[in-house]
Amino acid sequence: VTSEAGEVREYHVKVTRAKSSDSTLKSLTLTDMSGNILEYEPTFDPATTEYSITVPNEIAEGIVNAVPTNNGATVTGPDTYEFNIELGTHVDIVVTAEDGSSSATYTLDIARQKSGNTNLAQLYVEEGVISPSFNTNVKAYTVSVPYEITDATVVAIPEDSTARATITGNTNLQVGQN
C-alpha cells in the first residue's frame with residue numbers, strides 16, 4: 001500500500017492450495033506383450049471399478065497401464081501380469097489420492113480362452129516303428145510288432161500341454177490287424 005505521503009507498506013498473504021483428493025483413474029489399458037490393445041468390459045469409465053476380459057489362449061501375459069486423473073495421485077500394482085489359464089488372474093490397481101484422504105481399487109479379472117489345439121507333437125510305439133513317419137497332419141499310421149508283444153506302448157504327446165491324449169486298443173493284441 002502506498003500512502004498519499006509516499007510511504008509504502010507491504011502485506012504478504014501466503015496461499016496454500018490443498019492437495020487433490022481425487023483417487024480416480026483417467027485411463028486403464030491392457031495390452032499383450034506386442035503392444036496390441038486388449039478390450040475389456042465394460043468400456044472404461046473412471047467411476048466404474050470392476051472390469052473383466054477373456055483373452056485368446058495364445059496370449060499368456062500382458063501389461064496393465066493405469067494413469068491417475070490427478071498427476072499427484074499414486075498408483076500401486078505391478079505393470080506386467082501373467083495370465084493363468086486354470087485360475088484366471090485377478091488384478092487390483094489401487095489409486096491413492098495426492099492428499100492421502102481416499103483411495104480407490106480398480107479390479108481387472110482376466111481369463112484365457114481354453115485351447116482348441118488337438119494336434120500331437122509326438123507319436124510313437126516303443127515296440128515298433130510307425131509308418132508313415134509322424135506328421136501332425138497325418139491321422140492314420142501302421143506299426144508291426146513281434147508275435148511275443150501282446151500289449152503295445154503307444155506314446156502320444158499333445159502340442160498343447162493342457163490337452164490330454166487317450167490311448168485305446170493297444171492291449172490284448174491279437175495276431176493280425178488290431
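Output the number of the condition that residue 103 fails; it satisfies all remaining conditions of (1) within 30 Å of residue 18 (Cβ to Cβ); (2) surrounded by 15 or more Cβ atoms within 10 Å (Cβ to Cβ).
Condition (2) is where residue 103 drops out.
So, of the residues in region 137-148 that are among the polar types (S, T, N, Q) and in a loop (DSSP other than H, G, I, E, B), which turns out to be farthest from residue 52 (Cα to Cα)?
144
Taking region 28-68 only, how many residues are farther than 16 Å from residue 107 by Cβ, among the hydroxyl-bearing types (Ser, Thr, Tyr) and open to solvent by 60 Å² or more (accessible area, probe 1.4 Å)?
Within region 28-68, residues that are farther than 16 Å from residue 107 by Cβ, among the hydroxyl-bearing types (Ser, Thr, Tyr) and open to solvent by 60 Å² or more (accessible area, probe 1.4 Å) number 1.
Take residue 151 and tell me if it is in contact (Cβ under 8 Å) with a residue 12 or more places away in the chain and assigned to a strand (DSSP E or B).
No; evaluated as a whole, the condition is false for this residue.
Starting from region 34-49, keep only residues that are among the small types (Gly, Ala, Ser), then list their pairs with residues that are at pLDDT below 95 whose Cβ atoms are within a distance under 9 Å, requiring at least 6 positions of separation or different chains.
Matching pairs, first to second residue: 35/63.
Would you be able to tell me the number of residues in region 8-66 that are among the aliphatic types (A, V, I, L, M) and part of a loop (DSSP other than H, G, I, E, B)?
8
Among the residues of region 125-172, write down those that are of a type in the set (Lys, Arg) and surrounded by 11 or more Cβ atoms within 10 Å (Cβ to Cβ).
Selection gives nothing.
Find the strands (runs of 3 or more DSSP E) located wholly in region 70-136 whose residues include 1 or more that are modelled with pLDDT under 95 and more than 19 Å from residue 159 (Cα to Cα), and list them.
On the way: elements: 74-76, 80-82, 89-96, 103-112, 120-125.
Fully inside region 70-136 and qualifying: 74-76, 80-82, 89-96, 103-112.
The values are calculated or read from the model by the stated rules, or taken from the named source; none is laboratory data. Predicted model, so just to flag it, every value in this text is computed and none were measured. Counting neighbours? That spans all protein chains shown, and the Cβs are built from the backbone with ideal geometry, glycine included. Each accessible area value is taken on the protein alone, full model and side chains, heavy atoms only, with ligands, DNA and RNA left out. Shrake-Rupley method; radii C 1.70, N 1.55, O 1.52, S 1.80 Å.
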